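> Mind having a look at this structure? Questions to follow.
The values are calculated or read from the model by the stated rules, or taken from the named source; none is laboratory data. Predicted model, so just to flag it, every value in this text is computed and none were measured. Reconstructed Cβ throughout: ideal geometry from the backbone, glycine too, with neighbour counts over all protein chains shown. For accessibility, only protein heavy atoms count, side chains too; no ligands or nucleic acids. Shrake-Rupley method; radii C 1.70, N 1.55, O 1.52, S 1.80 Å.
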Amino acid sequence: MKVIKTIGNCCLIFLTVIAMMVTIAYGYYHFFVHDITMGTNYIDNQIGLDIINSEDLTEEEKDEFEDRYFLEANFYSNAKNNGIALQELRLNYFTDYKLLSTSYRSTGMQYLGDLKQEDLKLVETTEEKANREEPSGFSYYDTTNGISWDGNKLRTQLNRESVFIIKIDNRPFMIQLNGTYEWTTYKRSWWSLWLYKQPIKNIWYYNYLDVFADCMQAIRSNSAGYGDYYVTVDLSEYFTVKEYDPETGKYKPDDVTDIIKNYSVLKFHYDENGARNSTQSIFGCIDCNPSYDIVEEEIDTTYWQERMLYTLDNSHLAYRYSEVYGGYFISLDMDMKKIFAKMPRAKVNITIDLINTDKKIVGIDYNGFEDFEIDTITILGDSQTFYLLDKALYNTRLQTLRHSSNITFDFAEHSINSEYVEVIV
């Protein structure tokens, strides 16, 4: 009996020592050797899982279905003062977890002007109000089946309560803007004779205004300058991402990863020109107006991406009467040349009407369009000889000469020095 008691005491002491060692080891691990797990989500293209073979798609379908990213932006800086500054941000996502092209949807915001980060102001608010409110001063659009529209409460609200379904590694995830920034300020209280500084907790509830301003700053500061580019931005400060579980119909909470980083591709177009027409918008509208257009009395303008296309006609030309030829020679005056000299990316077409005019036009004058870059000249009229005098089209880089079939041209020896395509209309 005494032997058994001695063995029991030894076992108790042994177990106690082991328990103490385990406790010490756990405490050391908990406070000093804690491993940090990190997860990273790369939000790449948002192409439907049913879009597989691009060779079977038309060019229009490729634009709509393939080149699709979660964040897409448009920025017309109006650096040339030829339109209005316009900034746009669109979110492309899905309406269900199957991630098919039939569930494509987009929601976006548009700002007339150049919004900068320094324009943002802290506004005192409650959590409930911050979650429901949309930033003011913007036009908002939803896009379904290639059509953008603003339905007020019928469209998706771009606030902190909105949840979007996106694709990561061909699996459905949810993404929500619910980030906050907290900081502490100190205020002296009268009841402590101004000696005690009372700590005050402040919370900044991020919203889509913050995301919008940061995206525009990324575009504005990009080292490549104007053009169409893709950059990868870190959304971790603003958004949380959770994976969807199709078996339960719920999103999986990540309670094991210490740090989660969320990256997304931002596709953007950055332009030095101003916006002038609703077709330049990624929504097809400016200020919720699908017919928005800036019309100049002297120049009819149409834009295509970052180049400007100007069409000049008889009213923009100078005339010189020639008694020898019995009619007028046309040219471009110096003032007009100076205007276009300030727009190096301008693309110019000229249409000359020989019929609907009160002057008999017989040709282009000496040095008439010399050193003025022209893409296409169109000459419409009845049967006549049209003269191009010395250096009339010299150094114009003319691409296309379009004219009525019954017009005969008389070129001076040095009237033109570029190769062009002749088209009968």
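> Of the residues Glu134, Glu124, Glu118, which is surrounded by fewer than 19 Cβ atoms within 10 Å (Cβ to Cβ) and assigned to a helix (DSSP H, G or I)?
After ruling out the rest, the residue left standing is Glu118.
> Among Gly113, Gly108, which is the only one that is of a type in the set (Gly, Ala, Ser) and surrounded by fewer than 16 Cβ atoms within 10 Å (Cβ to Cβ)?
After ruling out the rest, the residue left standing is Gly113.
> Taking the stated definitions as given, is Glu133 out of contact with any strand residue (DSSP E or B) (no Cβ under 8 Å at 6 or more places or on another chain), of a type in the set (Asp, Glu), at pLDDT 85 or above and farther than 26 Å from Lys267 by Cα?
Details: out of contact with any strand residue (DSSP E or B) (no Cβ under 8 Å at 6 or more places or on another chain): yes; of a type in the set (Asp, Glu): yes; at pLDDT 85 or above: yes; farther than 26 Å from Lys267 by Cα: yes.
For Glu133, the condition - out of contact with any strand residue (DSSP E or B) (no Cβ under 8 Å at 6 or more places or on another chain), of a type in the set (Asp, Glu), at pLDDT 85 or above and farther than 26 Å from Lys267 by Cα - is met.
> Same structure again: Please verify whether Phe94 is open to solvent by less than 20 Å² (accessible area, probe 1.4 Å), modelled with pLDDT of 90 or more and more than 26 Å from Ile286 (Cβ to Cβ), treating the condition exactly as stated.
Working: open to solvent by less than 20 Å² (accessible area, probe 1.4 Å): yes; modelled with pLDDT of 90 or more: yes; more than 26 Å from Ile286 (Cβ to Cβ): yes.
It is true that Phe94 is open to solvent by less than 20 Å² (accessible area, probe 1.4 Å), modelled with pLDDT of 90 or more and more than 26 Å from Ile286 (Cβ to Cβ).
> Just to be sure I understand the filter: pairs with C-beta atoms under 7 Å, separated by 6 or more residues or on different chains, first member in segment 220-244 and more than 22 Å from Thr180 (Cα to Cα), second member assigned to a strand (DSSP E or B) and open to solvent by 30 Å² or more (accessible area, probe 1.4 Å). Which pairs pass?
Pairs that qualify, where the first residue is more than 22 Å from Thr180 (Cα to Cα) and the partner is assigned to a strand (DSSP E or B) and open to solvent by 30 Å² or more (accessible area, probe 1.4 Å), are Asn222/Tyr229; Asn222/Val231; Tyr230/Lys267; Tyr244/Tyr251.
> Among the residues of segment 376-393, count how many are assigned to a loop (DSSP other than H, G, I, E, B) and crowded, with 19+ Cβ neighbours inside 10 Å. Don't jump to the end; show me each part of the working.
To start, the set of residues in segment 376-393 that are assigned to a loop (DSSP other than H, G, I, E, B) comprises 381-383, 389-392.
Among the residues that remain, those that are also crowded, with 19+ Cβ neighbours inside 10 Å are: 389, 391-392.
Residues flagged as assigned to a loop (DSSP other than H, G, I, E, B) and crowded, with 19+ Cβ neighbours inside 10 Å within segment 376-393 amount to 3.
> Could you pull out every one of the strands (runs of 3 or more DSSP E) wholly within segment 255-327 that has 2 or more residues that are surrounded by 15 or more Cβ atoms within 10 Å (Cβ to Cβ), within 20 Å of the chain's Cα centre (by Cα) and at pLDDT 90 or above?
Where strands (runs of 3 or more DSSP E) fall fully within segment 255-327 and carry at least 2 residues being surrounded by 15 or more Cβ atoms within 10 Å (Cβ to Cβ), within 20 Å of the chain's Cα centre (by Cα) and at pLDDT 90 or above, they are 259-271.
> Still on this structure, I have one more. Which condition from (1) farther than 30 Å from Lys252 by Cβ; (2) in a strand (DSSP E or B) is the one that Ala218 breaks?
(2)
> Would it be correct to say that Glu243 is outside any strand (DSSP E or B) and over 14 Å from Asn74 (Cα atoms)?
Spelling it out, it is not the case that Glu243 is outside any strand (DSSP E or B) and over 14 Å from Asn74 (Cα atoms).
> Can you tell me which residues in segment 403-425 are modelled with pLDDT of 90 or more and either assigned to a strand (DSSP E or B) or within 20 Å of Lys347 (Cβ to Cβ) (or both)?
His403, Ile407, Thr408, Phe409, Asp410, Phe411, Ile416
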